[in-house]
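K.L.:
This structure is in structure tokens; I'll ask about it shortly.
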Amino acid sequence: MEQYRPETIFIEKEAQDKELTRVILGNLPGVPVEYIEDPQDALGRVAKAQDPISDGKKLLLITNHPGTFVKKCPGTKIHICCNYYVINAATNCPLECSYCALQGYLENNPLMRVFANTGDMLNEITRFLDANRERSYRLGTGELADSLVLDNITGFTRDIVPFFARQKNAVLELKTKTDLVDNLIGLDHGDRVIVSWSLSPQRVIDEDEAETPSLARRLKAARRCQDAGYQLGFHFDPIIIYPDWEKEYRGVVDQLFAVVDPLRVSWISLGGFRYYPLLKRIIRRRFPRSKILCGEFVPCADGKLRYLKHIRVEAYRKLLDRIKGFCPKIPVYLCMETKEVWERVFGYTPDTERSLDFLFG
Ligand code: SF4
């Protein structure tokens, strides 16, 4: 996908006069626009579709966020939390990863939604950071959406990046699978913005990450951001186990460090493929040829299914060894894993009170 172009744009009354709405309309000339009183009017268009998830991605709703933008990343008591906060500036994603958890979370609300009340969002973030100036925060926009997939039409990073450049006690992570970094180049980021990519072997991209740019394109975009002075992050998440996984994931680490400077990497996360049982039905229906569910999965305490523990531990150890071979100092952490798995991979368990703050300085 080069640039997202919806079939219809719905604009809710309150969002009509917002600057973001004007920018989006300016970047999408010729796309039919409908002004609506209630988001249900737009949702009604996909309710009876054969595949509402797919049809919902073709409709863009511009609306005001009715609640709070900043939320703590949903960890659980059982799994070590990395003390991360999410900013929900948009929801849903036009890319088509078979394993995408958003398919389940947004099954009843499958439109692409962009929140136009950016001023409210920035005010809320300021209040949030002001409330505890002694603490350092990591925040990111990539939880309910890809951080950059809509940036060509919203120009959102032109607001949020300079905003974070002025913050003293926070960094912003922009997490993506795209190579849409044009807007980032030349912005004042004040060393407060980390641009990060989810990486997978090209085979996984071909089979389970439809519409996403190749590994080579993602790494090229990372290099452009490095050259523009940004710190970088990388996520091997979800790690998918198949006959050649070890060789191919090792190859991704080698490709990564052939392109980027390890000293510019702020963090790397590792996370095995995991899913709620609900997602199984959706994957089978929407991606019948995917082999992603062909593994040995066990139900875990948080209700998700994961690969057997010894398989996860082996995968994490092997990737960790390869990464540390390039640079022993890169902070590496596990996403949503148990104390026991941490202990077996790293030889220690983080203090859950402070969570992973110690890793990120
Ligand atoms: S890029 Fe991320 S948000 Fe988009 S479909 Fe893939 S997993 Fe989901």
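K.L.:
Does any residue in the stretch 240-264 that is touching a residue at least 40 places away in the same chain (Cβ under 8 Å) and closer than 16 Å to GLY325 by Cα come within less than 9 Å, Cβ to Cβ, of a residue that is of a type in the set (Gly, Ala, Ser) and crowded, with 16+ Cβ neighbours inside 10 Å six or more places away or on a different chain, and which pairs are these?
P.N.:
GLU246/ALA315; TYR249/SER200; TYR249/ALA315; VAL252/SER200; LEU256/ALA222; VAL259/ALA222; VAL260/ALA222
K.L.:
On to the next question. I'd like to check something: does the stretch 112-125 contain any residue that is modelled with pLDDT under 95 and at negative phi?
P.N.:
No: the stretch 112-125 contains no residue that is modelled with pLDDT under 95 and at negative phi.
K.L.:
Which residue, of ALA222, ALA216, is within 16 Å of the ligand (Cβ to nearest atom) and part of a helix (DSSP H, G or I)?
P.N.:
ALA222
K.L.:
Under the condition of being within 16 Å of the ligand (Cβ to nearest atom) and over 13 Å from GLY229 (Cβ atoms), which residue from the stretch 173-184 is surrounded by the fewest Cβ atoms within 10 Å (Cβ to Cβ)?
P.N.:
Step by step, filter the stretch 173-184, then rank; the result is ASP179.
K.L.:
Continuing with this model, one more query. Return yes or no: is LEU187 in contact (Cβ under 8 Å) with a residue 12 or more places away in the chain, within 16 Å of the ligand (Cβ to nearest atom), in a loop (DSSP other than H, G, I, E, B) and within 22 Å of ARG22 (Cβ to Cβ)?
P.N.:
no
K.L.:
Among LEU187, LEU199, which is the only one that is crowded, with 22+ Cβ neighbours inside 10 Å and at pLDDT 95 or above?
P.N.:
Within the list LEU187, LEU199, the selection yields LEU199.
K.L.:
So which helices (runs of 4 or more DSSP H) stay within the stretch 247-361 end to end and still have 1 or more residues that are farther than 24 Å from PHE234 by Cβ, open to solvent by 40 Å² or more (accessible area, probe 1.4 Å) and at pLDDT 95 or above?
P.N.:
The qualifying helices (runs of 4 or more DSSP H) are 277-286, 309-326.
K.L.:
Filtering the stretch 137-172 down to residues that are over 22 Å from LYS58 (Cα atoms) and part of a loop (DSSP other than H, G, I, E, B), which residue is farthest from the ligand (Cβ to nearest atom)?
P.N.:
LYS168
K.L.:
I'm trying to understand the selection: among the residues of the stretch 95-130, which are in contact (Cβ under 8 Å) with a residue 12 or more places away in the chain, of a type in the set (Asp, Glu) and not in a loop (DSSP other than H, G, I, E, B)?
P.N.:
GLU96, ASP120, GLU124
K.L.:
For the stretch 15-35, which residues satisfy the criterion of being surrounded by 15 or more Cβ atoms within 10 Å (Cβ to Cβ) and assigned to a helix (DSSP H, G or I)?
P.N.:
Within the stretch 15-35, ALA15, LEU20, THR21, VAL23, ILE24, LEU25, ASN27 qualify.
K.L.:
Related question: Run VAL86 past the list (1) surrounded by fewer than 18 Cβ atoms within 10 Å (Cβ to Cβ); (2) β-branched (Val, Ile, Thr); (3) within 16 Å of the ligand (Cβ to nearest atom) and report the number of the one that doesn't hold.
P.N.:
Looking at each condition in turn, VAL86 falls short on (1).
K.L.:
From the list ASN108, ASN132, ASN117, pick out the single residue that is over 30 Å from ARG285 (Cα atoms) and open to solvent by 20 Å² or more (accessible area, probe 1.4 Å).
P.N.:
When all the criteria are applied, what remains is ASN132.
Here's the yes/no breakdown for (1) modelled with pLDDT of 95 or more; (2) within 15 Å of the chain's Cα centre (by Cα):
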| site | (1), (2) |
| --- | --- |
| LEU144 | no, yes |
| VAL149 | yes, yes |
| THR154 | yes, no |
| PHE164 | yes, no |
| LYS175 | yes, yes |
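K.L.:
With the structure loaded, tell me whether TYR99 is of a type in the set (Phe, Trp, Tyr), within 16 Å of the ligand (Cβ to nearest atom), within 29 Å of SER200 (Cα to Cα) and surrounded by 19 or more Cβ atoms within 10 Å (Cβ to Cβ) or whether it fails that test.
P.N.:
Yes; evaluated as a whole, the condition is true for this residue.
K.L.:
A further question on this structure: Residues of the stretch 36-66 being free of Cβ contacts under 8 Å to residues at least 40 places away in the same chain, not in a helix (DSSP H, G or I) and not polar (S, T, N, Q), which ones?
P.N.:
Result: ILE36, GLU37, ASP38, LYS48, ALA49, PRO66.
K.L.:
I'd like to know if the stretch 78-89 contains one or more residues that are without any contact (Cβ under 8 Å) to a residue 24 or more places away in the chain and not in a strand (DSSP E or B).
P.N.:
Looking for residues that are without any contact (Cβ under 8 Å) to a residue 24 or more places away in the chain and not in a strand (DSSP E or B), one finds none in the stretch 78-89, hence no.
K.L.:
Mind checking which residues of the stretch 5-14 are open to solvent by 10 Å² or more (accessible area, probe 1.4 Å) and within 19 Å of LEU180 (Cα to Cα)?
P.N.:
Within the stretch 5-14, just ARG5 meets the criteria.
K.L.:
Can you spot a residue in the stretch 241-256 that is touching a helix residue (DSSP H, G or I) at 6+ places or on another chain (Cβ under 7 Å), within 16 Å of the ligand (Cβ to nearest atom) and polar (S, T, N, Q)?
P.N.:
no
The values are calculated or read from the model by the stated rules, or taken from the named source; none is laboratory data. It should be emphasised that the depicted structure is a prediction, and the values quoted were computed from it without experimental measurement. All Cβ positions, even for glycine, are placed from backbone atoms using ideal geometry, and neighbour counts span all protein chains on display. Side chains are part of the model used for accessible areas, which takes the heavy atoms of the whole protein and leaves out ligands, DNA and RNA. Shrake-Rupley method; radii C 1.70, N 1.55, O 1.52, S 1.80 Å.
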